[in-house]
Every structure is written in structure tokens, then in C-alpha cells.
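Novice: Have a look at this one before I ask anything.
None of the figures in this text is laboratory data; all of them are computed from the coordinates on show. Every value quoted in this text rests on a predicted model; they were computed, and no experiment measured them. When we count neighbours, we look across all protein chains shown, and the Cβ atoms used for this are built from the backbone with ideal geometry, even at glycine.
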Amino acid sequence: MREYTFSRARQQLASLLDLARQEGGVLIRRRDGQVFEVKPARRAGGSPLDVPGVDLELSSGEMMAALAESRASGARFVRERPARKRRK
């Protein structure tokens with residue numbers, strides 16, 4: 001792992017970050033001897049909306065019938081929150 005002085009790292013920050021991405025990390029040493037490691041952060045894969053599905057074991061016909069019934073009745077799929085108790 002390559003090591004940079006603080007002043008050199010500050011002057012060449014963009015190339016230092018590119019090098020950290022390529023090599024997995026770089027070290028930065030301050031004048032007082034403290035050493036810091038800069039490495040790329042791991043990204044969470046995909047969208048936060050990518051969630052596993054739930055198998056309800058319903059046929060497409062049963063799902064369509066349930067959808068049609070809910071539309072006809074005006075029912076909402078969102079569960080209502082219980083009323084909060086007021087503090088005195």
C-alpha cells in the first residue's frame with residue numbers, strides 16, 4: 001500500500017483517490033506520525049426498492065379478482081395507523 005505525506009495528498013487528492021480505487025487503499029501520514037488509511041467505500045448493491053418478493057401462492061386469476069374487488073369496494077391496501085394516545 002502506498003503512503004503519502006499529508007501535504008502531497010492534499011495537492012494530489014484526485015490522483016490519490018484514483019490510486020486508492022485501483023489498489024484498494026492508500027496511507028496518509030501526518031507530520032506528527034499519525035497514519036490514516038483512505039480506501040473506497042463499499043456500495044450497497046442495487047436500489048433500496050429492490051426487496052425480495054413474497055410468495056402468496058395465488059394464481060394470477062385470484063390476484064386479479066382481489067384487485068377488482070378492492071377497486072369496486074374503494075378499500076385501501078394501506079393499513080391505517082392506530083390513533084395515538086394524547087399526553088396530558
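Novice: In nm, to one decimal, how far is the ALA66 label point from the ARG21 one, both placed 7 Å along Cα→Cβ?
Specialist: 4.5 nm
Novice: With angles folded into 0 to 90 degrees, how steeply does helix 60-73 sit against the dominant principal axis of the chain? Use alpha carbons for both and round to 10.
Specialist: Rounded to the nearest ten degrees, it is 70.
Novice: Calculate how large, on average over all directions, the projected area of the Cα convex hull of the chain is; give the answer in nm² to one decimal.
Specialist: Computing the convex hull of the Cα atoms and averaging its projections yields 15.2 nm².
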